[in-house]
Amino acid sequence: TLQNRIICYYIIIIKSGLIMSEFKLFLTQNAKKYFSQKLNENNSVYIDLKQSGCTGYAYQFKIATKNIDSQLIDDLYFNISETIKPFIQDSVIDYKKDGLNNKLVFDNPNVSNVCGCGESVSFKKVKL
């Protein structure tokens, strides 16, 4: 089942001893394996959104240098902008192989619309 393949991580952001918000991100085993092959001990996965496509935004993944803001998720480091966290909250990241095509896929409950080709998305209103 999908639940068995998903690794759940809760990142609690703490400021002045108070819990300000809780961020949840899920990785499938395929995504974890994909990222593990791309990273070394000095790198992290940078996740962002960029304006793109007919629907509005596209997910962006880059390999970045690990820094003080990197968050450890299942032995992998991620850099995720605070401004996009509400838009990707509770998302499942998977790595899918379909014939000759391989790509990272977000299953994101915050998406309201996906363009026909699946490359860009728009979001429900989120609380910032």
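For the reader, a short list of remarks on this structure follows.
- Segment 101-128, residues that are of a type outside the set (A, V, I, L, M) and within 16 Å of the chain's Cα centre (by Cα): 103, 106, 107, 108, 109, 110, 119, 120, 122, 123
- Filtered residue count, segment 65-74, keeping only those that are surrounded by 12 or more Cβ atoms within 10 Å (Cβ to Cβ) and either in contact (Cβ under 8 Å) with a residue 12 or more places away in the chain or in a helix (DSSP H, G or I) (or both): 5
- Criterion: open to solvent by 40 Å² or more (accessible area, probe 1.4 Å), without any contact (Cβ under 8 Å) to a residue 60 or more places away in the chain, touching a Phe, Trp or Tyr at 6+ places or on another chain (Cβ under 6 Å) and not in a loop (DSSP other than H, G, I, E, B) - qualifying residue of 103, 50, 62: 62
- Of the criteria (1) touching a helix residue (DSSP H, G or I) at 6+ places or on another chain (Cβ under 8 Å); (2) at pLDDT below 90, which one residue 112 fails: (1)
- Residue 35 being open to solvent by less than 50 Å² (accessible area, probe 1.4 Å), more than 12 Å from the chain's Cα centre (by Cα) and at pLDDT 85 or above: no
- When residues of segment 75-100 are limited to those that are aliphatic (A, V, I, L, M), outside any strand (DSSP E or B) and surrounded by 13 or more Cβ atoms within 10 Å (Cβ to Cβ), the one nearest to the chain's Cα centre (by Cα): 88
- Selection within segment 106-127 - hydroxyl-bearing (Ser, Thr, Tyr) and open to solvent by 30 Å² or more (accessible area, probe 1.4 Å): 112
- Residue count, segment 72-125 (criterion: more than 19 Å from residue 35 (Cβ to Cβ) and among the aromatic types (Phe, Trp, Tyr)): 2
The values are calculated or read from the model by the stated rules, or taken from the named source; none is laboratory data. Quantities reported herein were computed from a predicted structural model and do not represent experimental measurements. When we count neighbours, we look across all protein chains shown, and the Cβ atoms used for this are built from the backbone with ideal geometry, even at glycine. Remember, those area values only see protein heavy atoms, side chains included, never the ligands or the DNA or RNA. Shrake-Rupley method; radii C 1.70, N 1.55, O 1.52, S 1.80 Å.
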